[in-house]
C-alpha cells in the first residue's frame, strides 16, 4: 500500500509540474474541493509575512500560486495597496474571494484564474513584490531561471521576488534535490537581498532577491 501511495504522489507531482494546463487544473480542482489543503487555510503569523510586509512598502503584490487566499486575507492591511493573486484552481479562488469579502478587502484584492507558468500580466503592470509562497515546487527546475527572468520585467525599480521553500525531508533531514537546485539558481543568477533559514527539520527557507540589473542601477545612482 505504501508503494502504491508513493507512486500516486509521484505521478501527481510530475503532472502538476510538467502536465498540460487542463490536466493540472483538474487535479487542483479536485484537491481544493476536498480536505487535502484545509490545514493550509489559516496561516496567521507565518514568518514569511514579516518579509513581505517589509518589502511591499505599502505598494503592490503579485502572488503566483495564491491558493485559497491566505496571504491576501492575513497580511497586515496597511502593508499594501493592491494585490493580484493568480491560481489555476477556480475552487481555490472562490475561497480566496470569499475570504477577501469577509475581511473587507474585496476592492484591493483581485484574483485571476490562470497557470502562472503561462500567464502574462498587462504590460503596464508593475509590482513591488512578486511572491512564490511554496508554489515554486510546481515549476520544472529547468524553467526556474527563465520564469523568473520573465517576471522580472514586471518588478518596479527596487522591487523583489520572495520565495518560500522547504529544503529538507522532515523525517530524514536530508536535503531534497529539487528545492535545493532551485535555491542555487536564485542565489547564483540573481542578487540576494536577504535569506532566512528557520530552525526546523524541514529547513524552511525564505529568500528575497532581485534581478542583477536592478542592483547595478542602484549602485550607479
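Here are the numbers for the structure shown:
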| quantity | calculated |
| --- | --- |
| Looking only at the stretch 49-63, and only at residues there that are touching a residue at least 60 places away in the same chain (Cβ under 8 Å) and surrounded by fewer than 23 Cβ atoms within 10 Å (Cβ to Cβ), the one that is farthest from residue 157 (Cα to Cα) | 51 |
| Wholly enclosed strands (runs of 3 or more DSSP E) of the stretch 123-221 bearing at least 2 residues crowded, with 20+ Cβ neighbours inside 10 Å and either over 14 Å from the mean Cα position of the chain (by Cα) or touching a residue at least 12 places away in the same chain (Cβ under 8 Å) (or both) | 127-133, 155-166, 204-210 |
| Residue match in the stretch 78-95 (condition: within 15 Å of the chain's Cα centre (by Cα), in contact (Cβ under 8 Å) with a residue 60 or more places away in the chain and closer than 17 Å to residue 162 by Cα) | no |
| The one condition in (1) farther than 16 Å from residue 61 by Cβ; (2) outside any strand (DSSP E or B); (3) touching a helix residue (DSSP H, G or I) at 6+ places or on another chain (Cβ under 8 Å) that residue 105 fails to fulfil | (1) |
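Laboratory data are not the source of any read-out in this text; all were calculated from the coordinates shown. Keep in mind that this is a model prediction, so the values were computed, not measured. Every residue, glycine among them, receives a Cβ derived from its backbone with ideal geometry; neighbour counts consider all protein chains shown.
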